[in-house]
Amino acid sequence: MQGEITLDDTKTRIILEGVRIQNISEQAGVSSGAIYRHFASKDQLLVECFTYIDKQAAAIFEHLKFNPLIMLTDPMRTIKGLWLPYFRFWASRPDETVFYHRFRDSAFFPEYNKSRDVTYFKTFIGMVYAFKKVFPSLNQINQDLLWLHVLTSTVMYAKYVVEGTLPNTQETEDTVFQLLITGLSGYLKPNKLQKSRRK
């Protein structure tokens, strides 16, 4: 399958069990020495766990249909069509979601984030550029704040679902989407509309 992340079997087992950290070597069925043959440090293991999960999340967008014409006529429907599989990815992976949220919320993450490679999000980034071309008002928003709002909040709400704080229902999905998108609605005005108002 395109977008599938593959590593050697032992390393993959260590990463996946590292997400559920208790006793990594015991959980992964490998010796402590085997862990350090694959990873130089605990920090490297955590970074690779995060990156592995992040790449899986990014691969979602490679399989989605993105129709620019519908984006013009019904931008909210288009955004929901992109957002919902992302939210469901997190809501269906309890261990990964809790780990990912904690890692992003850690004191270590801001420094790591400055130099991390996110080229695996190129399909998603292409979709974002398409939106920004059609809706140039989106360029007025601080982009870091925009993605913290949408992506990080999505993971946070999914974490509440997997922990049982929120029910895993259609109503939860709809409400979370409305909360996340309300702030964007004022920026989703096509380029032509804005030009005609200036005349």
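Restricting to the stretch 51-81, and then to whatever is in contact (Cβ under 8 Å) with a residue 60 or more places away in the chain and aromatic (Phe, Trp, Tyr), can you tell me which residue is nearest to Arg102 (Cα to Cα)? Top of the filtered list is Phe61. For the stretch 100-138, the set of residues classified as open to solvent by 40 Å² or more (accessible area, probe 1.4 Å), part of a helix (DSSP H, G or I), more than 26 Å from Thr78 (Cα to Cα) and touching a residue at least 24 places away in the same chain (Cβ under 8 Å) consists of Arg104 only. Going through (1) in a helix (DSSP H, G or I); (2) touching a residue at least 40 places away in the same chain (Cβ under 8 Å); (3) surrounded by 12 or more Cβ atoms within 10 Å (Cβ to Cβ) one by one, Ile35 falls short only on (2).
If you scan the stretch 142-160, which residues turn out to be at pLDDT below 90 and open to solvent by less than 80 Å² (accessible area, probe 1.4 Å)? Hits for the stretch 142-160 are Gln143, Leu146, Trp147, His149, Val150, Leu151, Thr152. Does Leu45 count as modelled with pLDDT of 80 or more and crowded, with 17+ Cβ neighbours inside 10 Å? In short, yes. The single residue among Thr97, Thr78 that is touching a Lys or Arg at 6+ places or on another chain (Cβ under 7 Å) and either surrounded by 18 or more Cβ atoms within 10 Å (Cβ to Cβ) or acidic (Asp, Glu) (or both) turns out to be Thr97.
Against the condition among the acidic types (Asp, Glu), open to solvent by less than 40 Å² (accessible area, probe 1.4 Å), in contact (Cβ under 8 Å) with a residue 60 or more places away in the chain and at negative phi, how does Glu163 come out, does it pass?
no
The values are calculated or read from the model by the stated rules, or taken from the named source; none is laboratory data. Computed from a prediction, not measured in an experiment: that's the story for all the values here. Backbone-built Cβ (ideal geometry, glycine too); neighbour counts: all protein chains shown. Accessible surface areas use protein heavy atoms only, side chains included; no ligands, DNA or RNA. Shrake-Rupley method; radii C 1.70, N 1.55, O 1.52, S 1.80 Å.
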